[in-house]
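One structure is given below, encoded as structure tokens.
None of the figures in this text is laboratory data; all of them are computed from the coordinates on show. Keep in mind it's a predicted model, so treat the numbers as computed, not measured. Every residue, glycine among them, receives a Cβ derived from its backbone with ideal geometry; neighbour counts consider all protein chains shown.
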Ligand code: NDP
């Protein structure tokens, strides 16, 4: 049955849960959500060190977000006003014209062993490559369960890096980690091959560790939006400006940083909700933004004037998992995954990159048309009113009055509130 998400943002919590309940969540996940059962102290205390409590953030959904012809209800965890609204709006427009199409180019992780004090670099490189099968065998024997599941170490690459008076022989191990992100898997394998590499090269190992530059886990998302969906009056003009905005973000690092921050407003929200390591995703993607030896905007927007469509594309490393880490531990993650129908790692990676593209669409479109502040100021006024101490009943009126004021700040919000007493 097609769900009616219309006006979801205007509904109260009970009404929203009612819509979600209907066919989206499994029973146990719905119960967790309904009772707002979050991470308890005991579990948190076993996850990390020095725990004194738990820390909450809003848990929202972006409904009806179409990726590869499937409509998802995407969980968002973010504290930033307007992020969920912007993605929902983009999702609605783009879903109405075919949604996002994704390509998973590969799904492997890379780890590295850096060797120093190697006397003959080119001989070391040749010896490592000649023994690559034996090295891969040692790696796989160190983590047999992933091999049993159908994954494991697949390839080796070697590079000699030389700068000033320092030379490293670096061995890159490429591993199919299946549904896991694979940090612990890789680290175990890398530490296991370290002694053999030292023996083969006569050098010393400096370190053996996963690389977060996950260039063997690239995922692309694409969408096509008819000009008239951008605006009835001047869609073509907006499309042209969006193309220019993407080019500008490639050319100017000051813009690129902000352009990409907008992309990660969405990406981080879903990565956190799905229990994944957002620092790992940030590290992967931010370094990918510098792949051309300058930091660039990650997305592109191109006009096809013949078809009268704007084409959006985003390709990113997305080392995302459906198992491992804290994924099975945090009850909120269970709810988030259930909202998306428990996607496997590749499907989840496709949803996440599409969310990044949607978020970028909203931000760039607003920037080249109405400007970003129009939508932001109402939400900012709401934050100020809450901060000033407005109750739920007072909130709407305070926000309305605050928006009419010349100086919208905490002091003004407090002054408005005094009129209520
Ligand atoms: P885990 O150590 O949790 O390993 C994944 C687990 O999932 C394994 O126990 C594996 O079982 C199990 N599993 C079940 N089904 C599958 C399947 N189909 N495919 C793959 N695994 C399966 O996590 P990772 O190795 O993925 O490491 C991620 C964690 O490491 C994150 O918490 C991250 O924050 C952290 N980390 C990150 C670093 C970085 O980014 N640089 C560095 C160090 C840690 P089995 O063992 O039986 O195969």
Legend entry - Separation in nanometres of the label points that stand 7 Å from Cα toward Cβ, at residue 410 and residue 11: 3.6
Legend entry - On Cα atoms only, tilt of 373-388 relative to the major axis of the chain in degrees: 80
Inset, instruction - Starting from the Cα of residue 369, step 7 Å along the direction of its Cβ; do the same at residue 232; then give the gap between the two resulting points in nm. - result: 1.2
Inset, instruction - Please give, to one decimal in nm, the separation of the simple spin-label points placed at residue 323 and residue 129, each 7 Å out from Cα toward the Cβ. - result: 3.6
Legend entry - Added length on full extension, which subtracts the Cα-Cα distance from 0.36 nm per residue, residue 27 to residue 96: 21.8 nm
Inset, instruction - May I ask for the angle, rounded to the nearest 10°, between helix 392-404 and the longest principal axis of the chain, with both axes built from Cα atoms and the value confined to 0 to 90°? - result: 90
Inset, instruction - Mind pulling the angle between the C-alpha long axis of helix 83-95 and the longest principal axis of the chain? Nearest 10 degrees, somewhere in 0 to 90. - result: 90
Inset, instruction - Starting with the fewest neighbours, write out 274, 221, 369 ranked by other beta-carbon atoms found within 10 Å of each beta-carbon. - result: 369, 274, 221
Inset, instruction - Could you pull out which residues in the stretch 99-140 have an amide N less than 18 Å from a spot 7 Å beyond the Cα of residue 206, following the Cα-Cβ vector? - result: 111-122, 124-125
Inset, instruction - With r as the distance between the Cβ atoms of residue 46 and residue 160 and R0 = 56 Å, compute the FRET efficiency 1/(1 + (r/R0)^6) and round to 0.05. - result: 0.80
Legend entry - Highest average packing first - 120-126, 279-285, Cβ atoms within 10 Å: 279-285, 120-126
Inset, instruction - Would you mind getting me the FRET efficiency between residue 18 and residue 294? Use the beta-carbon distance for r and R0 = 56 Å, nearest 0.05. - result: 0.65
Inset, instruction - For a quick protection proxy, order the peptides 196-202, 70-76 by their average other-Cβ count within 10 Å, most packed first. - result: 70-76, 196-202
Inset, instruction - State the extension gain, in nm to one decimal, for the chain segment bounded by residue 57 and residue 306, taking 0.36 nm per residue of separation less the distance between their alpha-carbons. - result: 85.1 nm
Inset, instruction - Report the extension gain between residue 394 and residue 257 in nm, rounded to one decimal, defined as 0.36 nm multiplied by the number of residues separating them, less their alpha carbon distance. - result: 45.5 nm
Inset, instruction - Take peptides 162-168, 249-255 and line them up by average Cβ neighbours within 10 Å, highest first, as a rough protection proxy. - result: 249-255, 162-168
Inset, instruction - Just check the stretch 159-272 against the gyration tensor rule for me: Cα atoms, a ≥ b ≥ c as the square roots of the eigenvalues, rounded for a/c under 1.5, and otherwise prolate or oblate depending on whether a/b exceeds b/c. - result: prolate
Inset, instruction - Calculate for the chain the 222 nm mean residue ellipticity that helices alone would give, adding -39,500 (n - 2.57) per DSSP H run of length 4 or more and normalising by residue count, nearest 500 deg cm²/dmol. - result: -15000 deg cm²/dmol
